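Novice: Encoded as structure tokens, here's the structure I'll be asking about.
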Amino acid sequence: MAWRLPPLAVLLLLVAAAVAPLSSAVRPVSDAHRSVAAELFAASPDDALCSLETTYEAVRTFKMLGVQRDKGLDGKACKLAAHTLSSSSSPAKDLFQAVQIAGVLGCSVDAGVYDDVASRLKAVIKDTDSLLEFYYSVGGLLSLKEQGHSVVLSDADSTFHAIKALSQSDGRWRYDTNSAESSTFAAGIALEALAGVVSLSDAEVDPSMIGVVKNDIVKLFGTIKSYDDGTFYFDEKYVDGSEYKGPITTSASVVRGVTSFANVVSGKLNIPGEKILGLAKFFLGIGLPGSAKDCFNQIESLSLLENNRIFVPLILSLPSKVLSLTSKDQLKVEVTTVFGSAAPPLRVNLVQVLGSDSKIITTDSKELQFDLDNNVHYLDITPLKIDVGKYSLVFEITLQDSEHETVYTTGGRNTESVVVTGLIKVDKAEIGISENDAGSAESVEKLDLLKDTKVSLSANHLQKLRLSFQLSTPLGRTFKPHQVFLKLKHESKVEHLFVVPGSARQFKIVLDFLGLVEKFYYLSGTYDLELSVGDASMENSFLRALGQLELDLPEAPEKAPRPPAQAVDPLAKFRPQKEIEHIFRVPEKRPLQEVSLAFTGLTLLPFIGFLIGLMRLGVNLKNFPSLPGPAAFASLFHAGIAAVLLLYVLFWVKLDLFTTLKYLSFLGVFLVFVGHRTLSHLSNTTAKQKTA
Amino acid sequence: MPKDAGDAKLLFQSLNKAYAATPTNLKIIDLYVVFAMATALVQVAYMGVVGSFPFNSFLSSVLSCIGSAVLAVCLRIQVNKDNKEFKDLPPERAFADFVLCNLVLHLVIMNFLG
């Protein structure tokens with residue numbers, strides 16, 4: 001049938017399916033995120049367990065979300081930070097986190113303590129060659145500078161070089177000069193450290209080095225991964241079990257590094273806007289995070305993306321994905337930054353509406369009107385004559401100010417899915433019993449399916465039950481719902497479910513009782529009739545009791561199947577189940593240890609008999625060579641044989657065949673050499689004795 | 001019947017006398033063969049008592065004994081001075097073959113022992 005369709009339509013369908021990405025379901029950061037953050041970072045009753053790292057993450061997350069914390073908790077955090085700063089044994093990581101906490105909360109710390117911390121961090125930078133140490137010390141100094149202390153990094157060029165030296169050719173970074181593995185997470189950390197070095201240095205850092213790092217960033221973005229719906233993220237290439245950090249942590253590290261680097265260098269970074277938007281969609285697509293660390297990474301990455309110097313992502317989202325035709329809902333679209341702030345002036349057009357199976361409904365581009373008070377774009381969908389069902393809407397965003405094109409990224413076309421619901425009309429409903437062969441002798445009753453009815457029918461096994469009705473949408477087309485079931489329930493609680501088949505005109509089911517006698521287990525009696533019609537886009541899905549049917553079936557023969565036992569308690573299947581006894585292979589019977597030991601002794605008896613026999617035969621070692629040279633070879637020969645036998649014992653106990661063969665080859669070569677010498681010496685001696 | 005018993009004893013004694021004439025090195029090899037077969041018999045008796053559960057171990061041990069016995073018999077054939085076929089083969093060479101074959105046999109046995 002393929003050649004019947006116009007080729008152009010097929011081509012358009014394919015192009016549409018290829019171009020329109022799958023819809024995403026992201027919403028900008030909202031109060032839901034704030035309450036989840038409050039829950040995840042809730043202070044435990046025993047505050048001694050609250051580590052510096054969790055305090056640091058909690059303090060920064062609440063600052064970025066704009067959530068006020070309990071004053072008592074802030075005081076405890078300040079005390080912890082002050083204690084860490086004044087302790088002389090804190091490593092660079094702890095100092096970095098403590099300085100950040102103090103900066104965010106505005107703790108009062110002695111200026112002398114800060115000077116001491118600054119000098120210690122500078123000493124770490126001078127001595128270390130580990131990336132993480134560079135990162136924490138540079139970060140700590142940068143945080144001190146932002147709090148108002150004057151900190152200058154002398155010899156920034158050499159620090160920059162030292163960090164840059166750890167980079168790899170594919171844009172990733174190693175952790176220090178000794179380790180061979182590189183990771184994307186380390187690349188993010190390195191970029192952030194380099195950005196810090198540039199901010200802290202007194203003289204300008206070599207611009208050619210900056211250019212090289214910009215190239216590294218482009219290469220790093222070459223390793224980005226993506227999902228089909230336009231989401232981009234970073235993950236490690238090699239997954240090392242204990243060190244694996246996951247895509248959220250890795251992507252957050254790269255976002256931190258790249259945005260902080262972009263903020264300190266002049267000129268633009270060569271990163272396409274769709275990748276920045278993809279990263280924003282990835283972090284928003286997490287939804288409400290499940291762990292404190294994920295929450296911190298998500299919120300920090302989004303706040304850095306909110307106003308970064310590369311591209312600011314603008315997110316298109318729908319406040320409501322269900323539109324009701326009955327209440328004449330308008331299609332509402334929000335275009336905001338990741339934190340929900342207003343976007344610059346722009347136009348949103350509804351370019352395409354695709355139905356299920358990617359069938360194109362409309363292709364006229366309609367511009368949505370902008371409501372300034374609520375910051376929402378809206379469109380009346382009634383003129384579009386869209387019927388009930390699931391649709392994919394394709395929007396196109398265009399910025400009104402062309403200068404904004406270099407600042408914001410919108411992703412061009414965005415697809416969102418919506419469900420349009422409405423009231424479905426049910427009419428021409430009829431139920432009746434008809435004779436088997438004759439088609440006309442029917443007794444039909446008209447039903448009003450808008451309320452429960454109480455028809456009373458009676459039939460025997462030679463008759464048929466007919467039920468038919470029509471469903472139509474608000475726009476008058478026939479409607480095929482997801483579920484259309486007719487249920488017959490016997491007074492003994494045995495139920496039978498039938499799907500009502502639908503055609504283009506109506507839904508009709510004919511129950512021929514002659515064929516169903518066995519299925520009904522030959523149970524005669526009263527059956528309750530129930531009809532249920534339901535669908536996601538149907539606002540008036542219903543479950544109606546239709547009435548009762550007196551069914552007269554013949555007697556059950558001897559071998560008829562019994563109806564299944566009805567569960568007394570339908571919740572029984574959720575209670576603890578019977579214990580399952582597994583049957584394992586019975587292990588072989590082994591003999592008693594005494595029997596085995598006795599036979600081990602018996603096995604050694606012939607050997608003792610052999611030794612006794614040898615003695616009786618007068619075995620001696622007279623032919624053992626007396627000269628030192630041949631004697632040495634002879635003893636080596638015997639030692640070699642003993643070594644091979646020892647190797648066999650080791651092989652039985654613990655070695656594997658390959659190791660054994662390896663050692664055997666060495667011993668074998670040795671043995672052949674030594675044996676040849678010994679035996680040839682012996683044969684020469686006997687030959688000499690014979691001739692002599 | 002007493003005559004048969006007497007005949008059997010005479011036969012036995014004559015065999016013994018003839019055997020005493022064999023050289024000592026051949027007697028050593030014969031003793032070794034008897035030792036190997038006796039060990040094999042003990043192992044078969046053990047299997048008869050307790051059943052053949054790790055069958056590979058049983059096979060490995062019994063065939064080790066029998067293999068050693070067979071190699072010893074081969075050595076005896078090659079070393080025996082009365083054997084015309086192996087006149088030119090030096091006994092040291094035969095002994096070297098015996099050692100080598102035994103080592104290979106025992107490697108295979110150890111692998112199969114499990």
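Novice: When Rg is the radius of gyration of the Cα atoms in the stretch A:425-564 and Rh is its Kirkwood radius, what does Rg/Rh come to?
Specialist: Rg/Rh: 0.99.
Novice: Given a Förster distance of 25 Å, report the FRET efficiency between residue A:155 and residue A:212 from their Cβ-Cβ distance, rounded to the nearest 0.05.
Specialist: Result of the calculation: an efficiency of 0.85.
Novice: Which log10 I(q)/I(0) values does the protein assembly as shown give at q = 0.08, 0.10 Å⁻¹ under the Debye formula, counting every alpha carbon as one identical point scatterer?
Specialist: -0.91, -1.08
Novice: What are the principal axis extents of the Cα atoms in the stretch A:535-656, in Å, biggest first?
Specialist: 118, 47, 28
Novice: Among rounded, prolate and oblate, which fits the stretch A:22-313 when a ≥ b ≥ c are the square roots of the eigenvalues of its C-alpha gyration tensor, a/c under 1.5 means rounded, and a/b larger than b/c means prolate?
Specialist: Oblate.
Novice: Taking the Cα-to-Cβ direction at residue A:363 and at residue A:691 and moving 7 Å from each Cα, how far apart do the two end points lie in nm?
Specialist: 11.0 nm
Novice: OK, next. Work out how much length residue B:20 to residue B:100 would gain on full extension: take 0.36 nm times their residue separation and subtract the Cα-Cα distance, in nm to one decimal. Can you show the working numbers first?
Specialist: Values: separation 80, 0.36 × 80 = 28.80 nm, distance 3.01 nm.
Result for the pair: 25.8 nm of gain on full extension.
Novice: Something else: Putting +1 on Lys and Arg Cβ atoms and -1 on Asp and Glu Cβ atoms, find which of A:160, A:28, A:297 reaches farthest to the positive end of the dipole of the stretch A:22-313.
Specialist: The one lying farthest along the dipole's positive direction is A:28.
Novice: Rounding to the nearest 20 debye, state how big the charge dipole of chain B is about its Cα centre with +1 on each Lys and Arg Cβ and -1 on each Asp and Glu Cβ.
Specialist: Numbers: 9 positive and 8 negative charges, 47 e Å.
Roughly 220 debye, rounded to the nearest 20.
Novice: Mind checking the mean number of beta-carbon atoms from other chains within 10 Å of the Cβ atoms in A:662-670?
Specialist: Per residue, the number of nearby Cβ atoms from other chains is 1 on average.
Novice: List the trypsin sites (Lys or Arg not before Pro) within the stretch B:42-114 that fall in a DSSP loop (any state other than H, G, I, E or B) and whose Cβ has at most 12 other Cβ atoms within 10 Å. Let's see the in-between values first.
Specialist: Numbers: sites: B:76, B:81, B:84, B:87, B:93; in loops: B:81, B:84, B:87.
Within the stretch B:42-114, the qualifying trypsin sites (Lys or Arg not before Pro) (loop, at most 12 other Cβ atoms within 10 Å) are B:81, B:84, B:87.
Novice: So how far, in whole Å, is the C-alpha centre of the stretch A:68-111 from the one of the stretch A:573-624?
Specialist: Answer, in whole Å: 70.
Novice: Take residue A:88 and residue A:542, extend 7 Å from each Cα along the Cα→Cβ direction, and tell me the distance between the two endpoints in nm.
Specialist: 8.6 nm
Novice: Okay, next question. Determine the per residue accessible area of the stretch B:24-112 with all protein chains present and a 1.4 angstrom probe, expressed in square angstrom. Mind showing how you got there, number by number?
Specialist: Numbers: 4860 Å² over 89 residues.
Using a 1.4 Å probe on heavy atoms only, each residue of the stretch B:24-112 averages 55 Å².
Novice: How big is the dipole moment of the protein assembly as shown about its Cα centre under a simple scheme where the beta carbon of each Lys and Arg is +1, that of each Asp and Glu is -1, and everything else is neutral? Debye, nearest 20, please. Can you show the working numbers first?
Specialist: On the way: 77 positive and 84 negative charges, 753 e Å.
Here the protein assembly as shown has a charge dipole of around 3620 debye.
Novice: Only Cα pairs under 8 Å and at least 6 apart count here; give the relative contact order of chain B as a rounded whole percent.
Specialist: Relative CO of chain B lands at 29 percent.
Novice: Among A:584, A:335, A:599, whose Cα lies farthest out toward the positive end of the dipole of chain A, if unit charges sit on the beta carbon of Lys, Arg (+1) and Asp, Glu (-1)?
Specialist: A:599
Novice: Counting only protein heavy atoms, what percent of the accessible surface of the stretch A:312-415 is carbon or sulfur at a 1.4 Å probe?
Specialist: Carbon and sulfur atoms account for 45 percent of the accessible area of the stretch A:312-415.
Novice: Relative contact order, percent, of the stretch A:623-686 when contacts are C-alpha pairs under 8 Å separated by at least 6 residues?
Specialist: After rounding, I find 46 percent.
Novice: Let me ask something additional. Strictly under 4.7 angstrom between C-beta atoms: which cysteines of chain A have no such partner?
Specialist: Unpaired cysteines in chain A: A:50, A:295.
Novice: Continuing with the same structure: Quick one: grab Rg to one decimal and Dmax as a whole number for the stretch B:24-112, Cα atoms only, in Å.
Specialist: Here Rg and the maximum Cα pair distance are 15.2, 49 Å.
Novice: At 1.4 Å probe size, with every protein chain present, just tell me what the per residue accessible area of the stretch A:315-421 comes to in Å².
Specialist: Per-residue accessible area for the stretch A:315-421 comes out at 47 Å².
Novice: To the nearest 10 degrees, how steeply does helix A:71-86 sit against the main Cα axis of chain A, on a 0 to 90 scale?
Specialist: The two axes meet at around 20 degrees.
Novice: On C-alpha positions alone, give me the angle between the axis of helix A:292-306 and the longest principal axis of chain A, in degrees, nearest 10.
Specialist: 70 degrees
Novice: Which whole number gives the average, over all residues in A:597-603, of C-beta atoms from other chains lying within 10 Å of the residue C-beta?
Specialist: Going residue by residue through A:597-603 and averaging, the value is 4.
Novice: Excluding residue A:322 itself, what net charge comes from residues whose Cβ is under 11 Å from its Cβ, given Lys and Arg +1 and Asp and Glu -1? Write down the numbers at each step before the final one.
Specialist: Working: positive: A:321, A:390; negative: A:329, A:539.
Net charge around residue A:322: 0.
Novice: Can you send over the carbon and sulfur percentage of the accessible area for the stretch A:568-624, probe radius 1.4 Å, protein chains only?
Specialist: Working: 3770 of 5720 Å².
Roughly 66 percent of what the probe reaches on the stretch A:568-624 is carbon or sulfur.
Novice: For residue A:330 and residue A:498, compute 0.36 nm times the residue count separating them, minus their Cα-Cα distance, and round to one decimal in nm. Show your work: numbers first, answer last.
Specialist: Numbers: separation 168, 0.36 × 168 = 60.48 nm, distance 3.83 nm.
So the chain would gain 56.7 nm between residue A:330 and residue A:498.
Novice: Inverting the mean 1/r over all pairs of different Cα atoms, compute the Kirkwood radius of the stretch B:1-74 and quote it in Å.
Specialist: Roughly 14.8 Å, rounded to one decimal.
Novice: Short version: what are the Cα gyration tensor semi-axes of the stretch A:623-686, square root of 5 times each eigenvalue, largest first, in whole Å?
Specialist: Details: eigenvalues 160, 23, 11 Å².
Equivalent ellipsoid of the stretch A:623-686: 28, 11, 7 Å, largest first.
Novice: Amide H of residue A:524 versus every other amide H placed in the peptide plane: which residues, excluding those fewer than 5 positions away on the same chain, fall under 5 Å?
Specialist: Those qualifying (amide H under 5 Å, at least 5 residues apart or on another chain) are A:553.
Novice: Trypsin sites (Lys or Arg not before Pro) within the stretch A:537-602: which are DSSP loop residues with at most 10 other Cβ atoms inside 10 Å? All intermediate terms of the calculation are to be shown ahead of the outcome.
Specialist: Working: sites: A:544, A:559, A:573, A:578, A:585, A:589; in loops: A:559, A:578, A:585, A:589.
Loop-located and lightly packed - A:559, A:578, A:585, A:589.
Novice: I need the calculated FRET efficiency for the pair residue A:665 and residue A:219, taking r as the beta carbon distance and R₀ as 51 Å, to the nearest 0.05.
Specialist: Taking R0 as 51 Å, the efficiency between residue A:665 and residue A:219 is 0.55.
Novice: Now a separate question. Taking the Cα centre of the stretch B:32-95 as origin, work out the dipole magnitude from +1 charges on Lys and Arg Cβ and -1 charges on Asp and Glu Cβ, in debye rounded to 20.
Specialist: The dipole magnitude comes to about 80 debye.
Novice: Calculated from DSSP H runs of 4 or more alone, at -39500 (n - 2.57) each and per residue, what is the 222 nm mean residue ellipticity of chain A, nearest 500?
Specialist: It comes out at -13500 deg cm²/dmol, rounded to the nearest 500.
Novice: Put one equal scatterer on each alpha carbon of the stretch A:315-421, apply the Debye formula with no solvent term, and list log10 I(q)/I(0) at q = 0.14, 0.22 1/Å to two decimals.
Specialist: -0.54, -1.25
Novice: Say a site is exposed when it is one of the chymotrypsin sites (Phe, Trp or Tyr not before Pro), sits in a DSSP loop, and has at most 12 other Cβ atoms within 10 Å; what is then the longest site-free stretch of chain A? List each step's numbers first, then the result.
Specialist: On the way: sites that count: A:238, A:584.
Within chain A, the longest run free of exposed chymotrypsin sites (Phe, Trp or Tyr not before Pro) spans A:239-583.
Novice: Further question on the same structure: In chain A, which longest range has no GluC sites (Glu not before Pro) that are both DSSP loop (not H, G, I, E or B) and surrounded by at most 10 other Cβ atoms within 10 Å? Before the final figure, lay out the partial values.
Specialist: Numbers: sites that count: A:204, A:555, A:558, A:579, A:581, A:588.
My reading of the result: A:205-554 is the longest stretch.
Novice: Right, something else. Find how much the distance from residue A:36 to residue A:403 grows on full extension, using 0.36 nm per residue of separation minus their present alpha carbon separation; answer in nm with one decimal.
Specialist: Gain on stretching residue A:36 to residue A:403: 128.4 nm.
Novice: Any idea what the relative contact order of chain A is, in percent, if you count C-alpha pairs under 8 Å spaced at least 6 apart?
Specialist: Values: 1083 pairs, mean separation 59.0, N = 692.
Averaging sequence separation for qualifying contacts and normalising by length gives 9 percent for chain A.
Novice: A further question on this structure: Do any trypsin sites (Lys or Arg not before Pro) in the stretch A:473-541 lie in a loop, going by DSSP, with at most 13 other beta-carbon atoms within 10 Å of their beta carbon, and if so which?
Specialist: A:477, A:493, A:505, A:519
Novice: Under a crude label model (7 Å from the Cα following the beta-carbon direction), how far is residue A:342 from residue B:44 in nanometres?
Specialist: The answer from the label model is 10.4 nm.
Novice: Any chance you could give the angle, 0 to 90 degrees and rounded to 10, that helix A:131-146 forms with the longest Cα principal axis of chain A?
Specialist: The angle comes out at about 60 degrees.
The values are calculated or read from the model by the stated rules, or taken from the named source; none is laboratory data. A quick note: this is a predicted structure, and the numbers were derived from the prediction, not measured. As a convention, Cβ positions derive from the backbone with ideal geometry for all residues, glycine included, and neighbour counts pool all protein chains shown. Each accessible area value is taken on the protein alone, full model and side chains, heavy atoms only, with ligands, DNA and RNA left out. Shrake-Rupley method; radii C 1.70, N 1.55, O 1.52, S 1.80 Å.
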